[in-house]
1. Only residues in the stretch B:24-35 that are in a loop (DSSP other than H, G, I, E, B) count as the first member; pair them with residues that are among the aliphatic types (A, V, I, L, M) and buried (at least 18 other Cβ atoms within 10 Å of the Cβ), Cβ under 7 angstrom, at least 6 apart or cross-chain, and list the lot.
2. For B:LEU28, are the conditions met, namely being touching a Cys at 6+ places or on another chain (Cβ under 9 Å) and not assigned by TED's automatic domain parsing to the domain that holds B:ALA150?
3. From (1) over 27 Å from A:ALA79 (Cα atoms); (2) over 18 Å from the mean Cα position of the chain (by Cα), pick out the condition that doesn't hold for B:ALA91.
4. Could you list, ordered by first residue, the pairs with Cβ atoms under 6 Å in which the first is in the stretch A:2-28 and in a loop (DSSP other than H, G, I, E, B) and the second is surrounded by 15 or more Cβ atoms within 10 Å (Cβ to Cβ) and among the acidic types (Asp, Glu), at least 6 apart or interchain?
5. From the residues in the stretch A:81-123 that are within 11 Å of another protein chain (Cβ to nearest Cβ) and among the charged types (D, E, K, R), which one is nearest to the chain's Cα centre (by Cα)?
6. Is one or more of the residues making up the stretch A:167-190 of a type in the set (Ser, Thr, Tyr) and buried (at least 18 other Cβ atoms within 10 Å of the Cβ)?
7. Quick one: which of B:GLY31, B:GLY43, B:GLY47, B:GLY101 is within 13 Å of chain A (Cβ to nearest Cβ) and at pLDDT 95 or above?
Amino acid sequence: MPVMPDFELLRPDSAEAAVALHASRPASRYLAGGTDLLPNLRRGLADTATVIDLGGIAELAGIRVDADRVHIGAGTTLAALAAHPGIAAELPALAQAALAVAGPTHRESATLGGNLCLDTRCRYYNQSTPWREANHYCMKLEGDVCRVAPKSKRCYAAFSGDVAPALLALDAEVDIVGTNGRRTLALAEFYHDDGMRWLALDRGELLAAVRVPLAPGWSSGYEKLRIRGAIDFPLSGVAVALARDGERLAGLRIACTGVSSRPERIEGLDALVGQPLDDAALAQLEKLVLRGIQAMETTTASVPYRRKATPILARRLVTRLWTEAA
Amino acid sequence: MKSVLRITVNGRAREDAVAANALLLDYLRDGLGLTGTKQGCDGGECGACTVLVDGRPRLACCTLAHSVADGTVETIEGLAHNGRLSRLQRAFHEHLGTQCGYCTPGMIMAAEGLLRTEPRPDRDTIRTALAGNLCRCTGYVKILDSVEAAVQAGEEAA
């Protein structure tokens, strides 16, 4: 593996100071847990003259459970997120998704914000420099053709974070700090369907916190498809939030990961709400999930497999939550 | 560019001039000569570089040395005291948890991190705690046996 490029390392103690430092240095990158950025820097997938380490910013850490919502600092580690009793009890999809990321040692470093901003992944991009060079590079870095879809004008690298679909299903919003102050976005607005520009962050903006509403009567879960039981990124991941009222579905939100350039919230599920969750409804649900995803040849698992497996993953999870809510 | 890193390594407070881009792994191995911490995949995929930072198992290849400034780092070299192996080291030795030995420091440090928060884990909990550590000899059964034996030894000693 090549050596780490040279860079200047800065450790600000507030979000505002971090944003100001970023603005003063044109080529800088924010560093959180480091499990994504540091290997990418060494593999030549990222380059920077300045690294701004966010680890010393107190505001970014911590979980606060209020009466109607949970506030989570973006610097909270995935291990802390998965182990928090309030999260596990109130927002099981979030705890399950945090626990599904990589392995336990990664989760001690990796942060919520880092997982939400995870670089998109592709079998043609996450390779060594000699490999990519021999393949004449790709659009995402140094090349001009998307190897997954050569006629395409855009990059199809897949968003592969586990936590984002859980937070989409839970209707979360994010707090962003920039040089012009703070703003709040629905998490669904935080992502673009583009493997090269998948985050709706302006230059130098920093993801500071996530807020998740508490919805009494709703249950949730996350299921992930991968080859090994640990470390692997998702071939496909599905998060579901569901409310049941007697024999009728009172609410349903589904989001997927690994099968599109952004975490994908499935559209059209409102048609199922108010109905019983019978075979016809489940068949319709599978159709809607399939319509909402765009699996491409970004992983070693085939596209037909992921197109078949993702709706079934959703159907199983919805059925489980429905049964448990009885 | 180097700057001063204040850090405690295996119980000893240190101040060293360390480059901004130095990984914790490079600092331990090249700076301090603590080569017990292994460099495996170098990208967070194998767990051979697992060390304890403030008591928690972390990947030294995915951590900048300066990011753990003012913290406490423990490596495999810090486990034995006066030539006496730790409970986990002894169990790995006696139950053949070590084959080629390359993954062993990472396995032991990950298991050490587990035993500090959960002194009596069952086999599934041990499996989960070691899920980020690969053994290229595939000697996983003996590794799990070794950690279980260390847990038992701890119970007998208690």
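The values are calculated or read from the model by the stated rules, or taken from the named source; none is laboratory data. As the structure is a prediction and not an experimental result, all values here were calculated from the model. Cβ sites come from the backbone with ideal geometry, for glycine too, and all protein chains shown count toward neighbours. To get the accessible areas, we keep the full protein, side chains included, count just its heavy atoms, and leave off ligands, DNA and RNA. Shrake-Rupley method; radii C 1.70, N 1.55, O 1.52, S 1.80 Å.
1. Qualifying pairs under 7 Å: B:LEU32/B:VAL9; B:LEU34/B:LEU28.
2. Yes; evaluated as a whole, the condition is true for this residue.
3. (2)
4. A:ARG11/A:ASP53
5. Here the residue is A:ARG107.
6. No, every residue in the stretch A:167-190 fails to be of a type in the set (Ser, Thr, Tyr) and buried (at least 18 other Cβ atoms within 10 Å of the Cβ).
7. Checking each option against the conditions leaves just B:GLY47.
Residue by residue, here is whether (1) over 14 Å from the mean Cα position of the chain (by Cα); (2) of a type outside the set (S, T, N, Q); (3) more than 18 Å from A:ALA102 (Cβ to Cβ); (4) not assigned by TED's automatic domain parsing to the domain that holds B:ALA153 holds:
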| site | (1), (2), (3), (4) |
| --- | --- |
| B:THR104 | no, no, yes, no |
| B:GLY113 | no, yes, no, no |
| B:ARG123 | yes, yes, yes, no |
| B:ARG127 | yes, yes, no, no |
